[in-house]
Amino acid sequence: MYMKSEYMFLKMVILGPSNPKRLIDVYLEPLTDELLQLSQVGVRTHDHTTNQAFMMRAALMWTLNDLPTYGMASGWSTADIIGCPICMDDTSAFHLQHS
């Protein structure tokens, strides 16, 4: 049920060459605060079908982004020899000779 499109919503899109770069935390802070409240405390919600109130909780399941955006959001340098935070030192990455 939770995988149906009517139960999902897009919270944020930051487009274009004028993206906030290292200041992305300014945009993410309200989202982070909301997610913390929803996961730890919950929000009192009314269920119309049962006519009862309950504490709704939610969690961030995943994010979809390219490597530059991943680097901005996580603070990880994705433009270096160790560009993958999962592979770390166990990578065969290399720089081109004249780049």
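In nm, to one decimal, how far is the modelled label at D33 from the one at I82, with both set 7 Å along Cα→Cβ?
3.4
Above 15 Å lies some portion of the pair distances; for the range 11-88, what is it as a whole percent of all C-alpha pairs?
Distances greater than 15 Å cover 68 percent of the Cα pairs.
Quick note: the coordinates plus some simple rules give every number you see, no bench work behind them. Remember, it's a predicted structure, so these values are computed and weren't measured experimentally. Here Cβ is always computed from backbone atoms with ideal geometry, including for glycine, and neighbour counts include all displayed protein chains.
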